[in-house]
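The values are calculated or read from the model by the stated rules, or taken from the named source; none is laboratory data. The structure displayed is predicted, hence computed values, not measured ones. Cβ coordinates were reconstructed from backbone atoms using ideal geometry, including for glycine residues, and neighbour counts include every protein chain displayed. Remember, those area values only see protein heavy atoms, side chains included, never the ligands or the DNA or RNA. Shrake-Rupley method; radii C 1.70, N 1.55, O 1.52, S 1.80 Å.
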Amino acid sequence: MNLAWISLGALVVAVVVGIICRVNVGLLSFAAAFVVGTGFGNLRVSQVTVGFPTQLFLVLVAILLLFGQAQVNGTLNKLARYSIRLARGNIGMVPILFFGLSVAIATLGGGNITAIALIAPVAMAAAGRMNINAFLMAIMVGNGCNAGAFSPIAPTGIVANQLMAKAGIVGMEWQTYWNTFIIQSFVAFAGYFLLGGTKLLLRHERVDAAMELPPEDLEPFTRSQWLTLGVLGAMLLAVIFLQTDVIVPAFVGIAILALTRAADPEAAIKAVPWGTVLMVCGVSTLVSLLEKTGGVDMIVDMLVKLSTPTSITGVIAFVSGISSAYSSTVGVVLPTFLPTVPGLAEQLGADPMAIASSINVGGHLVDVSPLSTIGAICLATTAANEDRQVLFNKLLVWGLSMAVVGAVVCWVFFGLLRKMGKGKKES
């Protein structure tokens, strides 16, 4: 009995059944890990649970709970709405401003899901009031959220960096961020200018702040909100300049906000997306079992047969994109494919960082699809005067096409970096 095939099949079944039956894939992955490990592999329960990503779990809870506090006390929402007033001027700058806001909130630790939840309602409503193409706005906001998603203190960046460190890629947190930021930004602005951004920039209309914000949203920050901003800023400074593990300032900040009643701790706990945490940890535990049984090596062998040292970035980006279109990028795609990086790099003689970044980019470019959380929120918050069915169709075509676009862009981008690297060595 080949335990590698059984464990790999268990992962596939968990993902497929989770999608079809709308059950959390992490929950199914935990069950599959214990059934395969103890039932077929004769492992002890402790040998299966050792694969649980304890460090990753703590970091995710710390960041998500801290930003949950900032969300429930209105700090992030007010920050986003206040920033919109910067859009006074050319109306074509409004989608660009929302792109920047999305990047900023995601980068500062909110991550792409928090950013889209805060920005999309304001951005899509503004698009309706100002006669801006809703599809264009959704592209800019969605890709903006993903452009900042791989910040070392954002949930997606934390997951990716933990998995990459386990795969032997350490000290590359900001390089991971910049690789994703550059490609996501390139795709966003390419779409912006190709789909009407230039015409929008040339419209001779001025943005009126009163069009965008109701009076109550212009009220000043409260004392609790200023304290929250201070805590978030202090955490960012501690992580960047003092090289502090994000767990420490995050939990200290959580305690300060709870003790000062700056945020309702119970409401913040409820605001944490526990389903996502369960999904990430469950799939990571099952993939850890795959590594022990040789299931990851089988995935590597299959990808090697489809790739060359120069094409692997495109191939892995395409496979990640297709997989992400029907499953969670953070919860399924990253935990499944990032562990394959060392094997792929060794067998193909390719750059492990380029392969890992292609997985990150390919998996997230498709997330503007309405089948994904980001695209779905943009669709749900569209102004009432928009045809949602038309927008759904456009976002679906855009999202699915990004599997191909991501493959081509990653192949070209990392190919150029490889050639530049060789040129420097030769000189």
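What is the one condition in (1) closer than 30 Å to I355 by Cα; (2) open to solvent by less than 70 Å² (accessible area, probe 1.4 Å); (3) under 24 Å from the mean Cα position of the chain (by Cα) that V272 does not satisfy?
That leaves (1) as the condition not met.
Please tell me if V304 is in contact with a helix residue (DSSP H, G or I) (Cβ under 6 Å, 6 or more places away or on another chain), more than 15 Å from L60 (Cα to Cα) and surrounded by fewer than 21 Cβ atoms within 10 Å (Cβ to Cβ).
yes
Just a yes or no: is a residue in the stretch 177-194 under 27 Å from I254 (Cα atoms) and open to solvent by less than 40 Å² (accessible area, probe 1.4 Å)?
Taking every residue of the stretch 177-194 in turn, at least one turns out to be under 27 Å from I254 (Cα atoms) and open to solvent by less than 40 Å² (accessible area, probe 1.4 Å).
Is it the case that A147 is without any contact (Cβ under 8 Å) to a residue 60 or more places away in the chain and either within 24 Å of L344 (Cα to Cα) or surrounded by 24 or more Cβ atoms within 10 Å (Cβ to Cβ) (or both)?
yes
For the structure I just gave you, tell me whether G109 is open to solvent by less than 20 Å² (accessible area, probe 1.4 Å), at pLDDT below 85 and over 19 Å from the mean Cα position of the chain (by Cα).
Criteria not met by G109.
Looking at the stretch 153-171, I want the residues that are over 20 Å from D367 (Cα atoms) and open to solvent by 20 Å² or more (accessible area, probe 1.4 Å) and have a partner that is outside any loop (DSSP other than H, G, I, E, B) and of a type in the set (V, I, T) with Cβ atoms under 6 Å, at least 6 apart or on another chain. Which pairs are those?
Here the result reads A167/V341, each pair linking the stretch 153-171 to a residue that is outside any loop (DSSP other than H, G, I, E, B) and of a type in the set (V, I, T).
Within the stretch 1-34, track down each residue that is over 14 Å from V283 (Cα atoms), touching a residue at least 24 places away in the same chain (Cβ under 8 Å), part of a helix (DSSP H, G or I) and open to solvent by 80 Å² or more (accessible area, probe 1.4 Å).
Within the stretch 1-34, W5 is the sole residue that qualifies.
Restricting the search to the stretch 164-182, which residues are part of a helix (DSSP H, G or I) and under 24 Å from G343 (Cβ atoms)?
M164, A165, K166, E173, Q175, T176, N179, T180, listed by residue number.
Going through G191, G168, G157 one at a time, which residue ends up being of a type outside the set (A, V, I, L, M, F, W, C) and on the phi > 0 side of the Ramachandran plot?
Every option except G168 fails the conditions.
Go through the stretch 307-363 and report how many residues are open to solvent by 20 Å² or more (accessible area, probe 1.4 Å), over 23 Å from I158 (Cβ atoms) and among the hydroxyl-bearing types (S, T, Y).
Counting residues in the stretch 307-363 that are open to solvent by 20 Å² or more (accessible area, probe 1.4 Å), over 23 Å from I158 (Cβ atoms) and among the hydroxyl-bearing types (S, T, Y) gives 4.
Tally the residues that are at pLDDT 80 or above and assigned to a helix (DSSP H, G or I), restricting the search to the stretch 129-144.
So the answer is 11.
Please indicate, with yes or no, whether at least one residue in the stretch 337-347 is part of a helix (DSSP H, G or I), β-branched (V, I, T) and without any contact (Cβ under 8 Å) to a residue 40 or more places away in the chain.
No; the residues of the stretch 337-347 include none that is part of a helix (DSSP H, G or I), β-branched (V, I, T) and without any contact (Cβ under 8 Å) to a residue 40 or more places away in the chain.
Quick one: in the stretch 237-254, of everything that is open to solvent by less than 40 Å² (accessible area, probe 1.4 Å) and in a helix (DSSP H, G or I), which residue is modelled with the lowest pLDDT?
Among those residues, the one meeting the criterion is V239.
Take the residues in the stretch 87-103 that are more than 15 Å from L136 (Cβ to Cβ) and assigned to a loop (DSSP other than H, G, I, E, B), then tell me which one is modelled with the highest pLDDT.
The residue in question is R88.
How about the stretch 6-30: which of its residues are more than 24 Å from T373 (Cβ to Cβ) and modelled with pLDDT of 85 or more?
I6, S7, G9, A10
With C410, C378 as the choices, which residue is more than 30 Å from G171 (Cβ to Cβ), part of a helix (DSSP H, G or I) and open to solvent by less than 10 Å² (accessible area, probe 1.4 Å)?
Within the list C410, C378, the selection yields C378.
If you go through the stretch 255-269 one residue at a time, do you hit one that is without any contact (Cβ under 8 Å) to a residue 60 or more places away in the chain, crowded, with 16+ Cβ neighbours inside 10 Å and either assigned to a helix (DSSP H, G or I) or under 26 Å from the mean Cα position of the chain (by Cα) (or both)?
So far as the stretch 255-269 goes, yes, one or more of its residues are without any contact (Cβ under 8 Å) to a residue 60 or more places away in the chain, crowded, with 16+ Cβ neighbours inside 10 Å and either assigned to a helix (DSSP H, G or I) or under 26 Å from the mean Cα position of the chain (by Cα) (or both).
Condition test on A117, is it open to solvent by 10 Å² or more (accessible area, probe 1.4 Å), in contact (Cβ under 8 Å) with a residue 24 or more places away in the chain, within 16 Å of the chain's Cα centre (by Cα) and farther than 14 Å from A383 by Cα?
yes
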